[in-house]
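Structure first, commentary second.
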Amino acid sequence: MTAFGYGAASATGPVRDINQDRWLADGSLFAVADGLGGHQGGEVAAAIAVDELARHEGLAALDQLVDLVRAAHTAIRAEARADRALAGMCTTLCALADLAPAGGKPRLGAVNVGDSRLYALTGAELDQISDDHNMVGEMIRAGQLDRAAAAVHPDRNRLTRVLGFEPEVLVDAWELRAVRGTRFLLCSDGLFSEITDAAIAGVLRDNDDPAAAARALVDEAIRAGGHDNVTAAVVDVLDGLEPDGSGLVLAARPGAGPA
Ligand code: MN
């Protein structure tokens, strides 16, 4: 069992009427979901997603985390079929979880669908681990767009993958080394649409306490305009492997389809 320090914060912001972001932080699994669609649909989809993940009882392997995401996808679609008012609802989902050690080595699992993000702060450096499943993210990865052009692209927010919408969902998944001192951030797009990665890194470095860091990030995004709901969950790895300069990612499984 890896030990974590953690805290999360979320805000509706001054522009939106309701908060359709949801988060989960239960001591071994951490998630952010950003719901979309309909009158109430977005918040229902996001709530179903985090509720499905909350059912875990300790994860032996990355596949079990991916299976939970698929279960959430199926549950959202079933609910959307059952209630016409919820038709078309969907959500992003980004999660980080403790996995049982492999070969005596502590490890973590991560999953992502959509444009919420998982970052890791190691030392002074902030790296985005997840890929954004939106138009500009796909174009950047295809080499068709650079980051400066992406920031002002009219379709930058259009999602290419979400949970609960199409019949099949592709889930990106990672197995990570659990390295003591790593600070992870899970957040909705309402954070990084308002403040730069450099500003995010600065807030993460300036606030030792993870709950204070999460609150400070949300406050910064609101001060910068708060055009969308904002959610941040900050997770510190308190034990685990000694830092040795090798990377966090043991294995990446982009867009794994049904097993
Ligand atoms: Mn959002």
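The values are calculated or read from the model by the stated rules, or taken from the named source; none is laboratory data. Here the structure is a predicted model, which means the values were calculated and not measured. Quick reminder, even Gly has a Cβ in these numbers, built from the backbone with ideal geometry, and neighbours come from all protein chains shown. Surface accessibility is based on the protein's heavy atoms, side chains included, excluding ligands, DNA and RNA. Shrake-Rupley method; radii C 1.70, N 1.55, O 1.52, S 1.80 Å.
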Cα-projected label distance for Gln128 with His39, points at 7 Å along beta-carbon direction, nm
3.5 nm
Amide H within-cut-off set for Ala61, under 5 Å, with H built and near neighbours excluded:
Ala100
Peptide ranges 131-144, 179-192, 51-64 listed from the most packed, as the mean C-beta count within 10 angstrom indicates
179-192, 131-144, 51-64
Suppose each label sits 7 Å from its Cα in the direction of the beta carbon; what would the Asp219-Ala102 distance come out to in nanometres?
4.0 nm
Specify the inter-centroid distance of segment 229-247 and segment 22-80, based on alpha-carbon positions, in whole Å.
21 Å
On a 1.4 Å probe surface of the protein chains, which of Arg205, Arg81, Arg177 comes out largest in accessible area, and what is the full order?
Arg81, Arg205, Arg177
Hey, if we sort Thr231, Thr196 by accessible area with the 1.4 Å probe, largest down, what's the order?
Thr196, Thr231
Relative contact order as a percentage, segment 134-184, C-alpha pairs under 8 Å and 6+ apart, gives 33 percent
Given H placed 1.01 Å from N in the peptide plane, which residues other than close sequence neighbours of Leu241 have an amide H under 5 Å from its amide H?
Ala178, Val179, Arg180
Pull up all non-local amide H partners of Phe4: gap of 5 or more, or a different chain, and H-to-H distance under 5 Å with H placed in the peptide plane.
Leu238
Over all Cα pairs of segment 4-254, the Kirkwood radius sets Rh, and Rg/Rh then becomes 0.95
Backbone HN-Hα couplings from phi across segment 8-18 [Karplus 6.51/-1.76/1.60, Hz, Gly and Pro as x]
9, 8, 8, 9, 5, x, x, 9, 7, 7, 9
Taking 0.36 nm per residue of separation and subtracting the Cα-Cα distance, what length does fully extending Ala60 through Thr196 add?
45.4 nm
Just by accessible area at a 1.4 angstrom probe, what is the order of Asp146, Asp34 from largest to smallest?
Asp146, Asp34
For segment 65-79, in order, what is each residue's ³J(HN,Hα) by Karplus, 6.51 cos²θ - 1.76 cosθ + 1.60 with θ = phi - 60°, in whole Hz (x at glycine and Pro)?
5, 4, 4, 5, 5, 5, 5, 5, 4, 5, 5, 5, 5, 5, 5
For segment 1-146 the mean separation of alpha carbon contacts under 8 Å (6+ apart) over residue count, i.e. relative contact order in percent, is 20 percent
How much length is gained if the chain between Arg147 and Ala212 is pulled fully straight, taking 0.36 nm per residue apart and subtracting their Cα-Cα distance, in nm to one decimal?
20.4 nm
